[in-house]
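Working notes, structure below.
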Amino acid sequence: MRALSIASTGMLAQQTNVEVIANNLANMNTTAFKQQRAEFTDLLYQNIQTPGSQTSDQGTYAPNGIQLGAGVRTAAVYRITTQGDLKSTGNP
Amino acid sequence: MDNSLLVSLSQQLAAYRAMDVIANNLANVSTPGFKREAAKFEEYITHTRPAEGEKGPQSLSFVKDAGVMRDISQGNLEQTSAPYDVAIAGKGYFAVQTATGMRYTRDGHFSLDANGNLVTSQGYQVQGDGGAITITPNDGDIHIAPDGTISSVVRGVGNQIGKLKVVDFADGSALTKQGANLYSTSQTPTTPATVNLQQGALEASNVQPVIEISHMIEVMRAYEATATLSKSQEDMMRQAIDKLGQMPS
């Protein structure tokens with residue numbers, strides 16, 4: 001069943017998301033640690049009926065096609081390099 | 001073969017198709033710029049020979065795929081604070097140059113490649129009004145204005161680097177999805193009258209998980225109802241054969 005395998009790609013992606021967030025939380029007190037963020041993209045689409053395909057010889061076209069997506073994948077885990085707070089330590 | 005079994009089968013195939021579309025929506029609940037889709041079905045009527053004692057052809061309606069409708073409503077803007085993350089508030093698409101031609105996306109997560117070009121997460125160059133946009137380390141902090149102008153201030157002097165190209169199409173729902181958050185189309189891109197970009201944010205997917213799950217339950221119920229129909233049809237045939245077999249000859 002396709003629906004289950006498509007949904008499972010979503011679960012894998014969310015698992016990656018939680019792992020990245022957990023690592024951010026674990027490094028809350030790490031000096032100069034930069035927050036990371038997971039980014040996702042959709043997988044390829046299977047064309048059943050291409051949008052804009054002709055539906056009759058009178059020149060009518062299908063406004064929407066039938067495209068079935070295959071799920072999601074993690075595209076990147078990128079670092080957000082914004083400035084962190086400066087903390088005085090008193091160490092000469 | 002009995003007609004009612006064929007009719008139920010067509011409904012079950014449609015339910016599978018609907019479920020695939022819903023599963024893809026749910027899988028992409030965190031994909032920036034993703035637009036939810038819904039499978040639409042239509043009636044397909046055939047005519048059969050009249051049953052005994054009836055006149056004229058009888059019509060029999062099956063269900064078949066009509067298309068997949070895309071909901072191109074705005075997704076929520078999600079703050080990321082990353083300097084090269086840009087969200088489109090309102091209409092429009094970013095133009096991206098790929099090896100197979102121009103592609104369009106609403107996923108505004110960009111970064112710099114080794115040559116300082118602004119690229120998508122797949123490494124495709126994001127198009128400005130004059131081709132690729134190059135940002136050097138000397139440019140300092142980048143500011144992206146709502147109209148797409150990319151600028152920075154170097155030693156107190158303003159410096160315009162480029163302008164993000166935002167295009168729109170006559171029929172936004174007729175774009176073909178290519179995966180990797182990209183769309184392709186044969187339509188001619190137009191320049192939208194107003195462009196509203198926001199730096200440091202991404203447009204979240206417009207999928208609402210609760211609504212998708214309720215659709216999923218709806219499709220499941222319809223599937224189960226049809227399965228019950230096929231089952232009772234089968235029981236009826238079985239009983240008929242049983243009773244006929246027991247008749248004294």
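Residues of segment B:18-48 being crowded, with 22+ Cβ neighbours inside 10 Å and under 12 Å from B:Ala222 (Cβ atoms), which ones?
Of everything in segment B:18-48, those that are crowded, with 22+ Cβ neighbours inside 10 Å and under 12 Å from B:Ala222 (Cβ atoms) turn out to be B:Ala18, B:Met19.
Would segment B:207-220 turn up any residue that is in contact (Cβ under 8 Å) with a residue 40 or more places away in the chain, touching a Ser or Thr at 6+ places or on another chain (Cβ under 8 Å), closer than 29 Å to B:Ser81 by Cβ and within 14 Å of another protein chain (Cβ to nearest Cβ)?
Scanning segment B:207-220 turns up no residue that is in contact (Cβ under 8 Å) with a residue 40 or more places away in the chain, touching a Ser or Thr at 6+ places or on another chain (Cβ under 8 Å), closer than 29 Å to B:Ser81 by Cβ and within 14 Å of another protein chain (Cβ to nearest Cβ).
State all residues of segment B:73-127 that are surrounded by fewer than 17 Cβ atoms within 10 Å (Cβ to Cβ), in a loop (DSSP other than H, G, I, E, B) and β-branched (Val, Ile, Thr); if no residue qualifies, say none.
Result: B:Thr100, single match.
Does segment A:58-69 contain at least one residue that is part of a strand (DSSP E or B) and without any contact (Cβ under 8 Å) to a residue 12 or more places away in the chain?
Yes, that holds for at least one residue.
Restricted to segment A:70-92, and to residues that are open to solvent by 100 Å² or more (accessible area, probe 1.4 Å) and assigned to a loop (DSSP other than H, G, I, E, B), which residue is farthest from B:His109 (Cα to Cα)?
This residue is A:Pro92.
I need the full set of residues from segment A:18-40 which are closer than 28 Å to B:Tyr16 by Cβ and in a helix (DSSP H, G or I), in order please.
Of everything in segment A:18-40, nothing turns out to be closer than 28 Å to B:Tyr16 by Cβ and in a helix (DSSP H, G or I).
Identify the residue in segment B:18-42 that is without any contact (Cβ under 8 Å) to a residue 40 or more places away in the chain and of a type in the set (D, E, K, R) and, among all such residues, is farthest from the other protein chains (Cβ to nearest Cβ).
B:Glu42
Hey, among the residues in segment A:41-57 that are β-branched (Val, Ile, Thr) and assigned to a loop (DSSP other than H, G, I, E, B), which one's nearest to the chain's Cα centre (by Cα)?
A:Thr50
Just one of (1) open to solvent by less than 20 Å² (accessible area, probe 1.4 Å); (2) within 14 Å of chain A (Cβ to nearest Cβ) trips up B:Ser173, so point out which.
Condition not satisfied by B:Ser173: (1).
The values are calculated or read from the model by the stated rules, or taken from the named source; none is laboratory data. Bear in mind that the values here come from a model prediction, so they are computed numbers and not experimental data. Using ideal geometry, Cβ is built from the backbone for each residue, glycine included, and neighbour counts are taken over all protein chains shown. Quick note on the areas: whole protein, heavy atoms, side chains included, nothing else; ligands and nucleic acids left out. Shrake-Rupley method; radii C 1.70, N 1.55, O 1.52, S 1.80 Å.
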